[in-house]
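First up is the structure itself, then whatever we jot down about it.
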Amino acid sequence: MTVDRLLPTDEARDLIVLVREIASEQLAPRASADEAAARFPRDAFRVLGQAGLLSLPYPEEYGGGDQPYEVYLQVLEEIAAAWMSVGTGVSVHSLACWAVAEHGTDEQRKQLLPEMLSGGQLGAYCLSEPQAGSDISAMTTRAARDGDDYQLSGTKAWISHGGEADFYLVFARTSDDRTKGVSAFHVPAGADGMEFGAPEQKMGMTASTTTQVLFDRCRIPADNLVGEEGQGMRIALGALDSGRLGIAACATGLGQAALDVASTYAVGREQFGRPITDFQGVQFLLADMAAAVEQSRATYLHAARLRDAGRPYSRQASIAKLTATDGAMRVTTDAVQVLGGYGYTKDFPVERYMREAKVAQIFEGTNQVQRMVIGRDVVRGAAGRGTSS
Ligand SMILES: Cc1cc2nc3c(=O)[nH]c(=O)nc-3n(C[C@H](O)[C@H](O)[C@H](O)COP(=O)(O)OP(=O)(O)OC[C@H]3O[C@@H](n4cnc5c(N)ncnc54)[C@H](O)[C@@H]3O)c2cc1C
């Protein structure tokens, strides 16, 4: 089904037409085969970059598309509906670019952004560690100043695009202060002292390589510091708000794809002498799936519009991530149900969608962490109002 989108400009409408063409001709047809072979689709990111689709929310002066976040996220949803690994890859890449665009020096922006935004350079975002997942302030990777350089030592875990990316945005400790002792660094691929673990053997999104990134006295120029020393946690958390919206949009696309396969199948499948869509039990499944997908889209768009208007949107980003990824898990599971035994085979993509949905509840902050963020904000608001009888 083609999603009927309300877009703010003709330019945005043209972008959706363009992304649908690329998604249907160059992404969807190869997604299942590349996932089965665990083949990282580096060329797909180049195609998207050349079409201008990796640069949408960034300023024109650095090669960006100057589009509002609500447009970027809808483009991302279309990409993820065709291929989840590429959609989430675009979101990860965008996070790595965001830090330089938002906190880099003019020199860094001029030097780095054009290649990043055109897809010439693909990024990775190195925050998590083996012992620092939900609690990122427990990170132990260190960056020690040594003359005109920093030396990085430690292990980053679960890094999407590990070993495939051209640059790594790395968060490391520059002092022992749990929150103010973290800094961000731009580390180009091939830096001496940076190595990669074996790809994680995952249950889904196998085409999106995930590895540890190991630093052993990895020397980088002090000019590669992004933002100021000690500002890393602020950068990481700011990027995560945007990243959560990216994952919400991807999960919405995945749910939409599952709904499309399930409803098309159901219309053509007959049991008891009639199409299974004649049975209310099946129609209600499809109705709940459609409601979940539209709820997901509405929550991420609301958060994006707040962000575009310069208003606070952290709580809404967490609500969108929680709603869309829990929704995608339910919708993809129900899609398998609608297809019956065939849904449980690799003849149809819905079993893959279900495996892909699971990780969206885990990365970019688990859904328990999203509930913590939302719950804290609710409590803060209530405390601010004070007690009244
Ligand atoms: C495929 C994949 C790709 C990833 N890509 C990246 C990447 O590119 N860059 C990057 O930096 N990271 C990446 N990650 C890491 C991801 O962000 C972490 O896995 C996630 O933040 C959770 O950390 P953890 O796995 O250590 O789980 P833990 O933090 O150990 O959590 C274990 C369980 O405890 C729960 N829990 C923890 N603390 C609390 C609490 N206070 N209250 C309630 N429940 C709690 C969690 O919700 C979870 O259910 C990726 C992960 C995966 C699986």
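The values are calculated or read from the model by the stated rules, or taken from the named source; none is laboratory data. Predicted, not measured: the structure shown is a model, and the values here were computed from it. Cβ coordinates were reconstructed from backbone atoms using ideal geometry, including for glycine residues, and neighbour counts include every protein chain displayed. We work out accessible area using only protein heavy atoms, side chains counted, and drop any ligands, DNA or RNA first. Shrake-Rupley method; radii C 1.70, N 1.55, O 1.52, S 1.80 Å.
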Mean residue ellipticity (222 nm) of the chain, computed from DSSP H runs ≥ 4 via -39,500 (n - 2.57), nearest 500: -17000 deg cm²/dmol
Magnitude of the charge dipole, the stretch 9-114, Cβ model with Lys/Arg +1 and Asp/Glu -1, debye to 20: 460 debye
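Identify the trypsin sites (Lys or Arg not before Pro) of the stretch 254-361 meeting these criteria: DSSP loop state and at most 12 other C-beta atoms within 10 Å of the C-beta. Could the numbers behind the result be given before it?
Numbers: sites: Arg269, Arg297, Arg305, Arg307, Arg315, Lys321, Arg330, Lys346, Arg352, Arg355, Lys358; in loops: Arg269, Lys346.
Qualifying residues, ordered by number: Lys346.
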The stretch 238-305 and the stretch 101-141: distance between their alpha carbon centers, rounded to Å: 32 Å
Sequence-distant residues sharing a close amide H with Tyr168 (under 5 Å, placed H): Ala124, Val187, Ala189
Proximal lysines relative to Lys202, as straight alpha-carbon distance under 29 Å, when same-chain residues fewer than 8 apart are discounted: Lys156, Lys321, Lys346, Lys358
In Hz, Karplus ³J(HN,Hα) per residue of the stretch 347-356 (6.51, -1.76, 1.60; θ = phi - 60°; x = Gly, Pro): 5, 10, x, 5, 5, 5, 4, 5, 5, 6
Cα gyration tensor shape of the stretch 205-347, rounded if a/c is under 1.5, else prolate or oblate by comparing a/b with b/c: oblate
In order through the stretch 175-181: 3J(HN,Hα) via Karplus (6.51 cos²θ - 1.76 cosθ + 1.60), integer Hz, x for Gly, Pro: 7, 7, 4, 4, 10, 8, x
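Tell me the per residue accessible area of the chain using a 1.4 Å probe; a whole number in Å² is fine. Intermediate values should be presented prior to the final figure.
Details: 17360 Å² over 389 residues.
With the other protein chains kept in place, the chain gives 45 Å² per residue.
On the protein heavy atoms, probe 1.4 angstrom, tell me the percent of accessible surface of the stretch 254-368 carried by carbon and sulfur. Let's see the in-between values first.
Numbers: 3070 of 5520 Å².
Percent of accessible area from carbon and sulfur atoms in the stretch 254-368: 56.
Got a number for carbon plus sulfur as a percent of the stretch 183-250's accessible area, 1.4 Å probe? Intermediate values should be presented prior to the final figure.
Working: 1280 of 2690 Å².
Carbon plus sulfur share of accessible area: 48 percent.
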Residues whose placed amide H lies under 5 Å from that of Ala157, excluding near-sequence neighbours: Ser128, Glu129, Val213
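Taking N as the number of residues in the chain, what is its alpha-carbon radius of gyration divided by 2.2 N^0.38 Å? Working shown, then result.
Details: Rg = 21.3 Å, N = 389, 2.2 N^0.38 = 21.2 Å.
Cα-based Rg divided by the globular estimate yields 1.00.
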Integer Hz, Karplus 6.51/-1.76/1.60 couplings in order for the stretch 126-143, x for Gly and Pro: 10, 10, 5, 9, x, 10, 9, x, 5, 9, 6, 5, 7, 4, 10, 4, 10, 10
Heavy-atom accessible area order for Trp98, Trp158, Trp83, largest first, 1.4 Å probe: Trp158, Trp98, Trp83
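Using packing as a proxy for protection, rank 287-296, 255-264 so that the peptide with the highest average count of other Cβ atoms within 10 Å comes first.
Per-residue Cβ counts within 10 Å, averaged per peptide and sorted highest first, yield 255-264, 287-296.
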The chain: angle of helix 69-82 to the longest principal axis, Cα-based, in degrees nearest 10: 60 degrees
Dipole magnitude of the stretch 257-348 about its Cα centre (Cβ charges: Lys, Arg +1; Asp, Glu -1), debye to nearest 20: 480 debye
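About its Cα centre, how strong a charge dipole does the chain have in debye, to the nearest 20, once Lys and Arg get +1 and Asp and Glu get -1 at the Cβ?
Values: 37 positive and 49 negative charges, 248 e Å.
In total the dipole reaches around 1200 debye.
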